[in-house]
Amino acid sequence: MLSIVVALALVGGYLLAGGGTYEPTAVADPCAPRARPQSGDLLDPVQRGTLAVLDGAACDLHTSREQVLLDLVRRRNPLGTSDARLKDAVDAGIDRAQKEGTIGGAEATGLRLAVQFGGVGALLDLLRGS
């Protein structure tokens, strides 16, 4: 009996706190400026730079950052995107990251060379450390 009362109290509290209306978080516009997370750990600059590059590429391809990332991790191009178009989009992302100041000139040059000579897959391998 006590467990039923506790269960009903938990459900009631959840509903009172607004838990009855669930809406997923909207996917952010990759073309809009946004704050980059700052965790303070050693890889923080890499994370901010990667997010900026992904946002720039997604904006250039007119899709979401999440979709670009999923496609790249699965080692495929976003739907309807040729290898050359994907390289151009990643290059646009590198430009954006450099303009935002999340990567410097040397990093941008290194990323561009990795994309130009090894493709986007080589860039992913470089970022993964493999």
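The values are calculated or read from the model by the stated rules, or taken from the named source; none is laboratory data. These numbers were taken from a predicted model, which means no experiment stands behind them. Glycine gets a Cβ as well: all are built from the backbone with ideal geometry, and neighbour counts include every protein chain shown.
Brief remarks follow.
- Count of residues meeting criterion [closer than 15 Å to GLY93 by Cβ, among the hydrophobic types (A, V, I, L, M, F, W, C) and free of Cβ contacts under 8 Å to residues at least 60 places away in the same chain] in segment 29-51: 3
- LEU15 falls short on exactly one of the conditions (1) in a helix (DSSP H, G or I); (2) surrounded by 15 or more Cβ atoms within 10 Å (Cβ to Cβ), and that condition is (2).
- Leading residue by the ranking (farthest from the chain's Cα centre (by Cα)) among those in segment 65-92 that are more than 12 Å from VAL120 (Cα to Cα) and of a type in the set (Gly, Ala, Ser): GLY80
- So VAL120, is it crowded, with 17+ Cβ neighbours inside 10 Å, touching a residue at least 24 places away in the same chain (Cβ under 8 Å) and farther than 19 Å from ASP29 by Cα: yes
- Residues of segment 66-116 that turn out to be farther than 19 Å from GLN47 by Cα, of a type outside the set (Lys, Arg) and not in a loop (DSSP other than H, G, I, E, B), as a count: 6
- Some residue of segment 31-49 being at pLDDT 90 or above, exposed (fewer than 15 other Cβ atoms within 10 Å of the Cβ) and either among the hydroxyl-bearing types (Ser, Thr, Tyr) or more than 21 Å from ARG85 (Cβ to Cβ) (or both): yes
- Residues of segment 52-67 satisfying the condition of being surrounded by fewer than 24 Cβ atoms within 10 Å (Cβ to Cβ), touching a residue at least 24 places away in the same chain (Cβ under 8 Å) and more than 13 Å from ALA32 (Cβ to Cβ): LEU54, ASP60, THR63, GLU66
- Residue check, ARG75 at pLDDT 85 or above and closer than 30 Å to GLY119 by Cα: no
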